[in-house]
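Q: Next up is a structure, given as structure tokens.
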Amino acid sequence: MPAGDLLKLWKLHQIDAAILEIRGKAAALDPGRAIQAQLDALAGELAIKGGEAKALSGELTDLELHQKQLADKISKIEKDLYGGKVVNPREVENLQKEIDSLRRQRAADDGRILELWELVPPAKAASEAIEKSIASKQADLAAHQKKVMAVKQQLEAEFKQQSAARPAAAAEVPRPLLDRYDSIRQKNAGTGMARINTKTSTCGICGMKLPTKTIESAKEDRLVTCESCHRILYYSESIL
């Protein structure tokens, strides 16, 4: 193999590895699942607590309206009774009985109204506290998603840059070598090469201990592969 071909292939591999890493990072981006789960839980709590507060408030409103209606009726009857409009003793007696009945109804409502006056404020406070928590979590989610979007845009820019560089890098590699590399890459989750770990004499990806002969061949720019993961091996003591 002509000297330098493996280096050309290694440069192509680095582009492919960068693209693979970008895809992995993009796939791992979290749109805020944990925060959304918290929001869903709070929404469930609000449905319960808010429903309780609404029911109690509605009951109180209905009772207070009923009390007003009773008071209006009593006032009207008393006006008729004491205004000289009704003089028949039997009619007077009947009106008095009706007033007494209406007052008993008011008395029956009074106890529940007093109870509701105690229950409604804390119920509303509990509901409002959940609403505030929801608003806070929504703000957290929006901020998180803004950061994720910024990272996503950065990854997209990097992906575009690496993808644009690949054709030129691939064109530098002899076709037979490129075809073999692509074949190995397809069988190994997108990774067709591995750097030899010069300190441990192992494959830089699968960790397989490499024979001395294999390492020496890689040093001489010969095409050798890892016996374990079958990736093309590249030897370099530099950071390239």
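The values are calculated or read from the model by the stated rules, or taken from the named source; none is laboratory data. Because the structure is a prediction, the values reported are computed rather than measured. With ideal geometry, Cβ positions are generated from the backbone for all residues, glycine too; neighbour counts draw on all protein chains shown. Just so you know, the surface numbers come from the protein's heavy atoms only, side chains and all, with ligands and any DNA or RNA stripped out. Shrake-Rupley method; radii C 1.70, N 1.55, O 1.52, S 1.80 Å.
Q: When you scan segment 210-225, do you find a residue that is touching a residue at least 24 places away in the same chain (Cβ under 8 Å), open to solvent by 30 Å² or more (accessible area, probe 1.4 Å) and of a type in the set (Lys, Arg), even just one?
A: yes
Q: On the given criteria, is residue 155 touching a residue at least 24 places away in the same chain (Cβ under 8 Å), aliphatic (A, V, I, L, M) and not in a helix (DSSP H, G or I)?
A: It is false that residue 155 is touching a residue at least 24 places away in the same chain (Cβ under 8 Å), aliphatic (A, V, I, L, M) and not in a helix (DSSP H, G or I).
Q: Give just the number: which of (1) open to solvent by 50 Å² or more (accessible area, probe 1.4 Å); (2) under 26 Å from residue 23 (Cα atoms); (3) of a type outside the set (A, V, I, L, M) does residue 190 not satisfy?
A: All conditions are met except number (1).
Q: Quick one: which residue in 164, 139, 108 is free of Cβ contacts under 8 Å to residues at least 12 places away in the same chain, open to solvent by 70 Å² or more (accessible area, probe 1.4 Å) and either under 30 Å from residue 31 (Cα atoms) or of a type in the set (Ser, Thr, Tyr) (or both)?
A: Exactly one of 164, 139, 108 is free of Cβ contacts under 8 Å to residues at least 12 places away in the same chain, open to solvent by 70 Å² or more (accessible area, probe 1.4 Å) and either under 30 Å from residue 31 (Cα atoms) or of a type in the set (Ser, Thr, Tyr) (or both), namely 164.
Q: Given (1) under 22 Å from residue 20 (Cα atoms); (2) assigned to a helix (DSSP H, G or I), where does residue 230 come up short, assuming only one miss?
A: Unmet for residue 230, out of (1) under 22 Å from residue 20 (Cα atoms); (2) assigned to a helix (DSSP H, G or I): (2).
Q: Is it the case, given these coordinates, that residue 85 is free of Cβ contacts under 8 Å to residues at least 12 places away in the same chain and either surrounded by 16 or more Cβ atoms within 10 Å (Cβ to Cβ) or over 30 Å from residue 133 (Cβ atoms) (or both)?
A: The answer is yes for residue 85.
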